[in-house]
Amino acid sequence: MEFEHSAKIKELEERIWAFMKAHILPSEKALKAEIDTGDRFEPLVLMEELKAKARAEGLWNMFLPDSDKGFGLTNLEYAPLCEIMGWSPFASEVFNCSAPDTGNMEILERFGSDEVKKRWLGPLLAGEIRSGFAMSEPHVASSDATNIEGRIERDGDEYVINARKWWTSGTGDKRCKVLIFMGKTAPDSPDRYRQQSMIVVPMETPGITVERLLPVFGFDSAPHGHGQVAFEDVRVPVDNILLGEGRGFEIAQARLGPGRIHHCMRSIGTAEQALEKMCKRSRSRKAFGKLVSEQTVTQERIAESRIMIDQARLLVLKTAHMMDSVGNKEARKEIAMIKVAVPNMACKVIDWAIQAHGAAGVTEDVGLAAAYAHQRGLRLADGPDEVHRNQIAKLELRRYN
C-alpha cells in the first residue's frame, strides 16, 4: 500500500484543519455552555451555524464511499480526514460525518428502496435530521447478535414490531426522526444467521417510547444521548424492510465494518490530542524542583504514547487499504484487530494524560475525563473486545488447518 496521500487528500486535510482551528476548536466552550443551558437535548443553535459554514465550504458528507452523494473517497483516503475530526467531540457532526448517521446513511444508500431513500436518506445527507440504530437489548447478551429477541412479524401490508432496545444512540436528540431496527422475522429458522432482518422505523410511529437515557460514566452525550427504547405493536409498511427478510446479518456486516474503522480513525485523533495535552501540561508544571516533563516516568509515557499511536494508525491504514482492495469480508480480521487495538491504546494514552494533569485531569475542565469515558465505551460498542479477539484467533487458527 502507498503511505503517501494524494494531493487531493492533502488539500482536504489542510482545509479541514483550517476549519477546525478557525471555527470548531474555538467554539467548544460555547457549545458546551449551550448544552448546559436549559434543555440539554435541544438542538444547538451554534452547531447548526457551524454546519452551515462547513457545508458552504464544501466540507460535507466526506465519509460516503462508492457514491455520487458524497466525495466518493475510499476508506484509505477518508482515514486522515476522520482522524482530524477526532480532535473535537463536536467536529464529526459539523461535517455531517458522525455516528450513527454515517452507518445508517450507508445502509440506506446501499439497501434502501427508492421511496425510503427519498424520505430519509435525502434529509440525512442534508443534515436536516438525525437517526438511530436499534440493535442491542438489555435482557440478552447482545455481543452475540443471534440472541436478539426483538420481533418483526408480518401482518398483511405491515410489519408489527415488539422489543425493548438499549444503547440506541441518538434517541435523546429531538432531531432523531428515524431508526434502523434489527430483529427476528424467522425465529425458528435452522440457520441462526437468517433469523434476523433490518427495517426502517420512523420515530413518530405510535408505540415507540424512549424510556430513559443512558449516561456513560456520568456523561450523557447531550444533545445526542443513548436511549433505552420500548417498541410495543409498532406498525410500519412492508416496504420499509431492507434487502428482504433474513438479510439482517448481511446488512450488519456491511454497516459495522465502516462504522468500526471510522470510530478507530477518530480515536487516533483523540489520542493525538491527549498526547499534545500531556506534553504541554508536563512542560508547564514543576514538581520536586524540576519540570514534570523532565521526570523519567513522564518521558517514558510520552515515548510509549507516540509509539502506540503510530502503530495503531498504521494498522488502521492497512485495514482501510484492505477494505478498499479486497472488501470488508476479507478484511474482517483486520477490522477486528483495530477495534481491539485502537480504543485500548486511546484509553492508555488518555489515562497517562489525566495523570500528567493531576487532579485537573479528572475534572471536566480539560476534556480528558469525557474522552476517556467515550473510549472506554468503545471497547463495548460495535462488539466487545472479547468477541473480536475470539474472531481474530479463529481466523488465525484456520491458517494451520
Q.
I need the full set of residues from the stretch 252-295 which are among the hydrophobic types (A, V, I, L, M, F, W, C) and in contact with a Cys (Cβ under 8 Å, 6 or more places away or on another chain), in order please.
A. 265
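Residues are listed down the side, and each one gets a yes or a no for (1) outside any helix (DSSP H, G or I); (2) within 27 Å of residue 273 (Cβ to Cβ); (3) modelled with pLDDT under 95:
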{"position": "70", "(1), (2), (3)": "yes, yes, yes"}
{"position": "81", "(1), (2), (3)": "no, yes, no"}
{"position": "92", "(1), (2), (3)": "no, yes, no"}
{"position": "109", "(1), (2), (3)": "no, no, yes"}
{"position": "115", "(1), (2), (3)": "no, no, yes"}
{"position": "120", "(1), (2), (3)": "no, no, no"}
{"position": "124", "(1), (2), (3)": "no, no, no"}
{"position": "132", "(1), (2), (3)": "yes, no, no"}
**Q.** Of all residues in the stretch 237-292 being within 23 Å of residue 201 (Cβ to Cβ) and among the charged types (D, E, K, R), the one that is modelled with the lowest pLDDT
**A.** 255
Q.
So, residue 341, is that one farther than 30 Å from residue 215 by Cα and either among the small types (Gly, Ala, Ser) or within 19 Å of the chain's Cα centre (by Cα) (or both) or not?
A. no
Q: Within the stretch 168-193, track down each residue that is surrounded by fewer than 22 Cβ atoms within 10 Å (Cβ to Cβ), part of a strand (DSSP E or B) and aromatic (Phe, Trp, Tyr).
A: none
Q: Those residues that are polar (S, T, N, Q) and more than 15 Å from residue 386 (Cα to Cα), I need them from the stretch 315-345; list them, please.
A: 319, 325, 328
Q: Hey, could you check the stretch 279-303 for residues that are out of contact with any helix residue (DSSP H, G or I) (no Cβ under 8 Å at 6 or more places or on another chain) and part of a helix (DSSP H, G or I) and say which is surrounded by the fewest Cβ atoms within 10 Å (Cβ to Cβ)?
A: 296
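The values are calculated or read from the model by the stated rules, or taken from the named source; none is laboratory data. Quick caveat: nothing in here was measured; it's all calculated off a predicted structure. Here Cβ is always computed from backbone atoms with ideal geometry, including for glycine, and neighbour counts include all displayed protein chains.
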